[in-house]
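Working notes, beginning with the structure itself.
The values are calculated or read from the model by the stated rules, or taken from the named source; none is laboratory data. Here the structure is a predicted model, which means the values were calculated and not measured. Cβ placement follows ideal geometry from the backbone for every residue including glycine, while neighbour counts extend to all protein chains displayed.
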Amino acid sequence: MMEISNTSSAQQLISLNETQISKTLYSILVSLYSVDLAGGITGVVLMSYHLLQRRSQSVMTAIIINLMVVHAILLLSLPFRLSYYISSEWKLGWFTCRMVSGLIYIHMYITFIFYVAIILIRLLKLEFKKCYTTTWLAVVWLVGILVILPIFISYYGTTDSYKDSECFQFQKDIMKEGMMITNYCLIATLMTIFSVLTIIQLAIIFQLAVKYWPEMNSHVEFRAHMKSFFFTLVILVCFIPHHVFRLYYIKHFHQNGDHKLLLYNEIFLAFTAMCCLDMLFRLSKLIRKRFGDLTVGYNGK
């Protein structure tokens, strides 16, 4: 009888600990998505104002505008994620859940493509006519809408055992053979492209630093490559951790059914949305300069 009582107490303690861990992880998710939402909106608004003032029609401007659009689409979906993690209940139906879930992946891979395009244009010093720029940008969007989203909707959320009050829990679907192969291919492709571009960029930056030392910051060529390397750092911080963890997640989730792994995966996914802050960081120097000018002007009065 004593053994049964001890077993019951131990199970209750484990259940209590798991509940507390889940609450902590939910709080982390709410914090991350709140930062993504606030910082992302601020960055998109400020960058829009900045581009309106410049009135540039370059290839780089076109890519930045498309980046802002894809960020804006993700930002529109974040309040739904926040609502779910705050209330722990999904009230908008299963199809809406799948759409909101798919948007964060579409955002991640389209953003990655745009980052790679920016890096390659700077590396190879490419020039495009306006019609060619419009065409390949349209192709990128079509790939996201007609390839990535249908793949996600075809595999994720198709298992009947999910509850209507839950969302973003597709751990059973990810174990399907087709989805596992797709995930491994995406991870391998992204990691390979990132590694190759990073090595090339670092080699060029090192050569330019040696060539122009110690006044390399005064040279346009060096500054241009450093601006491109900013996007490499965004990929490193926001996308790479998610894909590295996803390898572990796919391999180990079915072995122990640990639902904490699901929440850890969601946290790494929330970090991918941090790339929405790229516009804010890109404008940080300009913002500091404007703020400094205002401060000087105010003190002068």
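On inspection, Phe128 qualifies as more than 30 Å from Ser88 (Cβ to Cβ), assigned to a loop (DSSP other than H, G, I, E, B) and modelled with pLDDT under 80. For the stretch 79-94, the criterion of being of a type in the set (Lys, Arg), modelled with pLDDT of 90 or more and within 19 Å of the chain's Cα centre (by Cα) is met by at least one residue.
Residues in the stretch 44-97 that are small (Gly, Ala, Ser) and outside any helix (DSSP H, G or I): Ser56, Ser58, Ser88, Gly93. Identify all residues within the stretch 199-251 that are surrounded by 12 or more Cβ atoms within 10 Å (Cβ to Cβ) and not in a helix (DSSP H, G or I); write none if there are none. Scanning the stretch 199-251 gives a single hit, His219. The sole residue among Phe230, Phe268 that is under 20 Å from Ile118 (Cα atoms), in contact with a Phe, Trp or Tyr (Cβ under 9 Å, 6 or more places away or on another chain) and not acidic (Asp, Glu) is Phe230. On the given criteria, is Gly102 within 13 Å of Phe168 (Cα to Cα) and exposed (fewer than 14 other Cβ atoms within 10 Å of the Cβ)? Answer is no for this residue. In the stretch 142-182, the qualifying residues are those that are of a type in the set (Ser, Thr, Tyr) and in a helix (DSSP H, G or I), and the one that is modelled with the highest pLDDT is Thr182. Of the residues examined, Thr272 is one that is crowded, with 18+ Cβ neighbours inside 10 Å, among the hydroxyl-bearing types (Ser, Thr, Tyr) and out of contact with any Leu (no Cβ under 7 Å at 6 or more places or on another chain). Scanning the stretch 160-217 for residues that are free of Cβ contacts under 8 Å to residues at least 12 places away in the same chain and within 23 Å of Ile110 (Cβ to Cβ) turns up Ile181, Cys185, Ala188, Thr189, Thr192, Ser195, Val196. Taken together, the criteria place Val139 among residues that are over 19 Å from the mean Cα position of the chain (by Cα), at pLDDT 80 or above and farther than 22 Å from Pro79 by Cβ.
Taking the stretch 68-96 as the search range and keeping residues that are in contact (Cβ under 8 Å) with a residue 60 or more places away in the chain and of a type in the set (Gly, Ala, Ser), which one is farthest from Gly144 (Cα to Cα)? It comes out as Ser88. Inclusion of Ser195 among residues that are of a type in the set (Ser, Thr, Tyr), farther than 17 Å from Gly102 by Cα and modelled with pLDDT of 75 or more is warranted.
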